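Peer 1: Have a look at this one before I ask anything.
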Amino acid sequence: MSPRLNRGEYWLLLQAALHNIPLPTLFHINVPGWDPGFNPTLNSMSHGMSPEETARTLQRLSRRGWLNLAYPFRQSGTAACDDINTLVAEMRHGKNWKDQLSYHLTPEGGAAWEQFACPDWDCYVDDTTSDSDANPMERCVIMTTRKELERQVGRIRHEVDVVDSSIEIDEMADWEMTYWKPPRMAWRCGLLYRERPFEGRPIFPRASNWWHSWCAWR
């Protein structure tokens with residue numbers, strides 16, 4: 001049976017499905033011309049909760065054992081989350097990013113989100129590129145199956161000029177697709193590519209978006 005989640009609980013779990021989330025990023029300054037409900041830092045629509053309600057939701061999820069609050073760049077342990085006022089103050093704090101309180105999912109919290117969201121991990125892409133000043137640039141793409149990986153490489157060809165002789169595909173046994181899941185086998189493709197001139201270039205969806213959503217609720 002899937003867990004019962006309200007909108008705020010699901011939103012907080014979703015944001016941390018791949019990365020730990022600093023509390024100050026949960027609230028944002030509106031950007032002129034953008035939807036006021038859009039959070040550009042997280043590239044997501046806002047949760048719609050007040051700071052106090054957000055703090056209570058974080059507290060509730062922590063007490064369920066679904067997330068931990070911590071200072072990831074300090075040597076101190078997990079932060080206490082029983083004080084609502086402290087959590088609200090941390091959300092509003094503009095201090096150095098190394099001193100910001102963050103939250104991340106536990107394996108139990110990740111499993112709860114996974115049950116509700118039904119992600120298709122075979123469609124999840126880890127796509128990283130090298131320094132944009134290099135020419136050609138390096139690109140590394142990782143997916144769980146070779147078939148989906150080769151499809152993704154085909155999509156990349158629509159947006160950049162791939163150096164065919166540079167393509168190397170190998171299998172890896174310890175890919176950590178996200179921090180709360182155990183490592184698994186996957187396929188990795190390394191390649192070199194050059195950006196195309198924009199003028200006269202056919203318009204295609206970017207490769208990172210040109211495949212059906214890996215998560216049914218995203």
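Nothing in this text is a laboratory measurement; each read-out follows from the coordinates by a stated rule. It should be emphasised that the depicted structure is a prediction, and the values quoted were computed from it without experimental measurement. Because the Cβ atoms are built from the backbone with ideal geometry, glycine has one as well, and the counts that use them run over all protein chains shown.
Peer 1: Of the peptides 58-66, 96-104, how do they stack up when ordered by the mean number of other Cβ atoms within 10 Å, highest first?
Peer 2: Details: 58-66: 18.2, 96-104: 16.1.
Those peptides, ordered most packed to least, come out 58-66, 96-104.
Peer 1: What spacing in nm lies between the two simple spin-label points modelled at A89 and F27, each 7 Å away from Cα in the Cβ direction?
Peer 2: My value for the distance between the label points is 1.4 nm.
Peer 1: Using the alpha-carbon centroid of each, what span in Å lies between segment 93-138 and segment 10-26?
Peer 2: Between the Cα centres of segment 93-138 and segment 10-26 lies a distance of 9 Å.
Peer 1: Taking the simple approach of a point 7 Å from Cα along Cα-to-Cβ for both T128 and T106, what is their distance in nm?
Peer 2: The modelled label-to-label distance comes out at 2.9 nm.
Peer 1: Under a Cβ-Cβ cut-off of 11 Å, what is the net charge of the residues other than F73 that fall near it, where Lys and Arg count +1 and Asp and Glu count -1?
Peer 2: Numbers: positive: R74, K98; negative: D99.
Overall, the nearby charge balance is +1.
Peer 1: Just grab the label-to-label distance for R4 and E171, each label 7 Å out from Cα along the Cβ direction, in nm (one decimal).
Peer 2: Each label point is offset 7 Å from its Cα along the Cβ direction, giving 4.5 nm.
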